[in-house]
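Worksheet for the structure shown next.
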Amino acid sequence: MSPAPRPERIVDAHVHLWDPARTDWYPYLRDGDRLGMGDVTGMARRFDVEDHRRESGDWPVVGIVNVAAATGQHSVEETLELDRRADEGGAPHAIVGGLPPHDTVADAVAAIDRQMGASRFRGVRPMGGSPDPLPAGEVLDALAERDLVFEVMTHPDRLAEVAAVLARRDDDLTVVVEHAGWPRSADDAEFALWRDGMTALADVGPNVICKISGLAMPLGTISADAYRPWVEHVLTSFGPDRCMVASNFPVDGMHGTLDALWSTFAELLADLDEEARDQVFATTAERTYRI
C-alpha cells in the first residue's frame, strides 16, 4: 500500500503553549497525577513554539492557533502575553482567548475587550464556572459585533441543545465546535448520541465549524482506525470547507507523537481531492482565524 499523500501545508488549529512552572495559571499541571487521566507526562510539560516545530518534524506546519488554557481570569493575561511573545517569535499566528467566569454581561464583555488589545486575538472559549455550554445571548452578540469566534466546549449530551439555541440566532457569529464534539468514550451509546448532536450542529448552517481535535482523550489512541468513524461522520455532515484538523498538543501527546498524529490525519483524509484536503488541513483554519 502506498503511503497517504502528505498535505502541502498544515495550520494546527488547537495548541496549548504553556509552562507548568506557571502554577498560578496552570495549577492542574502541577498535580497531574490527580487528573484521573493516567500517565500525563506527555502533557504536563513545557510546550512552546520551538517544541511544536521540532516535534512536527518535516510536516509543513505553516500556522499555529493557541487556545486558552490558563484558569479563569488568567486566561485574559495569557492572551496578552502570548501575543507579545509572538511579536518576537512569529507564532502563534492566532489566539483563542478565554471567557472567564462572570457575574454580568458587562464583566464578560470587559474581558473580551481587554483581549482585543492583542493583534492575534480571534475569539474566546469558556474557562469554567458555568453549567451552560453557551454564555448569555448578549455575550454572543458582543462577539458577533466584534467579528470574533465563539468556541463551544461541551459533551454529546448538550450538543443538540447548543444547536437549537444557535439555530434561533439571526446573525453571522462563527461558532467552532471544539474537539469534534468532545465525546466522553468510544462506546456505541455515546457514538449515537454524539452523531445526532453533531448532525444537528452541522444543520445550523455554514457559520458552525467542526474542529477535528482531542479525539485521543476519549479513544485512548491516535490510530487512524479508532478515529475513522468519528472523522468520517463530521466530514460528511459539515463538509471539508467547515472542518479543520488540530493537534490538541501537548494534551494528546499522552497517546502518541505529533508526527504520528499528522500521519493519522493524512491517512484519514487520503481519499479527498487535493482541494478538499487543503481545506481541512489549512484553508478552513485560515479563514476562521484570519491567518
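Per residue, the convex hull spanned by the Cα atoms of segment 200-257 measures out at 82 cubic angstrom.
Count Lys and Arg as plus one, Asp and Glu as minus one, and take only other residues whose Cβ is under 11 Å from that of ASP132; the net charge is then 0. Among residues other than ASP157 whose Cβ falls under 14 Å from its Cβ, what is the net charge (Lys/Arg +1, Asp/Glu -1)? Computed value for this residue: -2. Charge dipole (Cα centre; +1 on Lys/Arg Cβ, -1 on Asp/Glu Cβ; no other charges) of the chain amounts to roughly 300 debye.
Of all the options ASP241, ASP157, ASP103, the one that moves most in a Gaussian network model of the chain with Cα springs shorter than 10 angstrom is ASP103. When the alpha-carbon atoms of segment 211-291 are used, the pair Rg, Dmax equals 12.0, 32 angstrom. With 27 Å as the cut-off, how large is the P(r) tail for the chain, expressed as percent of Cα-Cα pairs? When every Cα pair of the chain is considered, 36 percent fall beyond 27 Å.
Among bridges DSSP assigns within the chain, what percent are antiparallel (round to 5)? Approximately 5 percent, going by the DSSP bridge assignments. The alpha carbons of segment 28-184 give a radius of gyration and a Dmax of 16.5, 47 Å, in that order.
Membrane-span-like helices in the chain, defined here as complete DSSP H runs extending at least 18 Å along the helix axis by their C-alpha atoms with mean Kyte-Doolittle hydropathy no lower than -1.0, are 188-204, 224-238; this is a sequence and geometry rule, not a statement about a membrane.
For segment 1-121, the Cα-based Rg and Dmax, in that order, read 16.4, 58 Å.
Every read-out reported here was derived from the displayed coordinates using simple, explicitly stated rules and does not represent laboratory data. Not measured: the values here are computed from a predicted model. Cβ atoms come from the backbone with ideal geometry, glycine included; neighbour counts cover every protein chain shown.
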